[in-house]
Amino acid sequence: MISGSALLTDLYQLTMLQGYYEQNREELAVFEFFVRKLPKARGYMVAAGLAQALIYLQDLQFSSNEIDWLASTGQFKPAVLDRLAAFRFTGDVHAMPEGTVFFPHEPILRITAPLPEAQLVESRLINLLHFQTLIASKAARSVLIAPDKLLVDFGMRRAHGGEAALLAARASYLAGFGGTATVNAGMYFDIPIHGTMAHSFVQTYRSESEAFIDFAKANPDNVVLLIDTYDTEAAAQKVVDLADTLQSQGIKIKGVRIDSGDLAEHAKKVRRILDQGGLQQATIFASGSVDEYKLEALTAQQAPIDGFGIGTHLDTSADAPYFDCAYKLQEYAGIARRKRSEGKATWPGRKQVYRNYDDNGFMCGDTVTVENAPCTGEPLLQPVMQGGRIVTTQPSLMESREYAKRQLSRLPEALRRLSDIPEYPMVISAELQALAKSVDEQTLF
């Protein structure tokens with residue numbers, strides 16, 4: 001499902017390669033992936049997608065069919081096609097571990113490789129890193145707002161394609177969600193899967209109670225009944241009335257789901273009905289246009305809801321569907337390079353990011369500086385690929401999830417808010433500023 005085709009790229013990557021090959025411009029190049037600015041109402045981002053990026057780099061090659069198709073376009077010379085047929089990524093990669101909290105202008109991935117190799121991978125790397133980072137950052141907001149609730153990714157049906165659905169499930173689980181409704185993600189990434197029933201199941205019966213009984217018999221270990229098809233509170237009472245009958249057959253009602261209306265008001269009424277009927281252990285799960293803002297409102301209303309299915313707003317990152325990110329050349333042939341485009345200027349050279357913490361263990365400031373320059377703090381970029389091969393100590397998804405949890409626990413309280421978010425202290429070191437000045441002075445126009 002996750003594409004590994006070398007043709008999943010932009011045409012200009014290949015046309016540039018043709019120029020590089022013809023002019024023998026194949027010395028080492030350094031590119032870095034970073035975010036220029038945060039989306040509105042965001043105080044931080046959570047790095048994600050590195051695992052897929054590394055697999056892409058390690059496995060990257062052109063198939064014979066892809067080479068034949070490129071030849072058929074008439075845009076590429078035979079000598080270039082021969083080079084592409086033998087193409088492999090042989091470079092090094094430094095990156096922040098998945099789950100790392102980061103901020104604007106901080107590179108989360110650095111590629112060091114012969115120029116054609118470092119150039120070709122740009123489009124797909126941005127594609128993989130941008131999307132999962134976007135979703136993980138969105139999911140983390142819900143996790144911080146509702147840390148004691150079961151949060152489940154419900155967004156596959158409105159995700160922007162099958163790969164997006166899979167990677168959204170992965171990114172949200174990395175950020176702290178409890179699971180996903182996307183079954184393929186359960187198999188592919190070993191993420192816990194959760195699901196109940198749809199209104200259509202109830203609608204196929206003349207009796208709502210009969211529908212509940214048949215579903216419970218078919219799924220005796222996962223009896224979570226959808227109760228808002230017709231009348232939510234009346235259906236909750238039917239669940240209570242059926243409990244003894246099902247219990248006599250060894251079937252326990254695990255919970256109910258509400259998918260519409262005033263979730264807080266319905267949940268309070270349903271909780272009373274369940275409790276009075278002896279179903280104190282039955283949970284209430286809610287879905288229906290839920291996002292972190294609704295979670296915050298429901299928490300303020302003390303809604304007795306145990307878990308949430310979060311779908312469209314998560315998998316499309318509805319309030320911020322993209323962020324301003326870039327993958328830019330920072331060094332070529334041992335010389336630092338700098339883009340100076342208006343509004344898009346870059347900081348040159350190979351960089352490292354150092355993080356400092358206050359006496360309580362919370363993040364209190366980052367410094368972006370030249371690699372190997374003296375600096376206090378924790379270095380965030382780590383070697384993850386050498387000579388085109390993944391370093392064998394890369395963490396599992398579960399390990400990255402635990403790391404993300406620790407990262408979010410060290411996030412300052414003010415940055416966890418959904419509005420009125422202050423800017424995190426980030427410093428460009430004197431060494432990096434001096435390098436930029438030097439590059440500007442030596443650049444010919």
* Order by protection proxy (mean Cβ within 10 Å, highest first), peptides 423-430, 260-267 -> 260-267, 423-430
* Asked: Which label marks the calculated value of Rg and Dmax of the Cα atoms in Å, given the options [x] 21.0, 66; [y] 25.7, 85; [z] 21.7, 70?
  -> [y]
* Could you compute the FRET efficiency for residue 158 and residue 193, with r as their C-beta to C-beta distance and R0 at 22 Å, rounded to 0.05? => 0.75
* May I ask for the net charge around residue 75, where only other residues with Cβ less than 14 Å from the Cβ of residue 75 are counted and Lys, Arg are +1 while Asp, Glu are -1? => -3
* To do: Restricting to the chain, compute how many DSSP beta bridges are antiparallel as a %, nearest 5.
  => 65
* 0 to 90° range, to nearest 10: angle between helix 263-276 axis and the chain longest Cα axis -> 40
* To do: Apply the Debye scattering formula to region 257-301, with a single equal point scatterer on each alpha-carbon and no solvent, then give log10 I(q)/I(0) at q = 0.14, 0.19, 0.23 Å⁻¹.
  => -0.34, -0.60, -0.82
* **Cβ-based net charge around residue 128, under 15 Å, with every Lys or Arg adding one and every Asp or Glu removing one** => -3
* Asked: Amide H to amide H, which residues 5 or more places from residue 330 or on other chains are under 5 Å from it, using H placed in the peptide plane?
  -> 30, 31, 32
* Mind checking the angle between helix 232-248 and the chain's longest principal axis? C-alpha axes, 0 to 90 degrees, to the nearest 10. -> 80
* Before rounding to the nearest 500, sum -39500 (n - 2.57) across all DSSP H runs of length at least 4 in the chain and divide by the residue total; then give [θ] at 222 nm in deg cm²/dmol. => -12000 deg cm²/dmol
* Structure fact -> Within the under-13-Å Cβ sphere about residue 109, not counting residue 109, Lys/Arg +1 and Asp/Glu -1 give a net charge of 0
* Asked: Where both residues lie in region 39-185, what percent of DSSP beta bridges are antiparallel, nearest 5?
  -> 75
* Structure fact -> Nearest 10, in degrees from 0 to 90: the angle of helix 208-218 to the longest Cα principal axis of the chain is 60
* Tell me, what ³J(HN,Hα) does each residue in region 374-380 have, in order and in whole Hz, if you take phi through Karplus 6.51 cos²θ - 1.76 cosθ + 1.60 with θ = phi - 60° and put x for Gly and Pro? -> x, 6, 7, x, 8, x, 9
* To do: Would you please put 339-349, 394-404 in order of how densely packed they are, using the mean number of other Cβ atoms within 10 angstrom per residue and starting with the highest?
  => 394-404, 339-349
* Asked: To the nearest Å, what is the center-to-center distance of region 36-98 and region 361-437, using C-alpha atoms only?
  -> 24
* To do: Provide the per-residue ³J(HN,Hα) series for region 356-361, in order, calculated from phi with Karplus coefficients 6.51, -1.76, 1.60 and θ = phi - 60°, each as a whole number of Hz, with x at glycine and proline positions.
  => 10, 10, 7, 5, 9, x
* Expressed as cubic angstrom per residue, what is the convex hull volume of the alpha carbon set of region 374-445? -> 224
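All of the numbers you see were taken from the coordinates with simple rules; none came from a lab. In this text the structure is predicted, and so the values were computed from the model without any measurement. Glycine also receives a Cβ, built like all others from the backbone with ideal geometry; neighbour counts cover every protein chain displayed.
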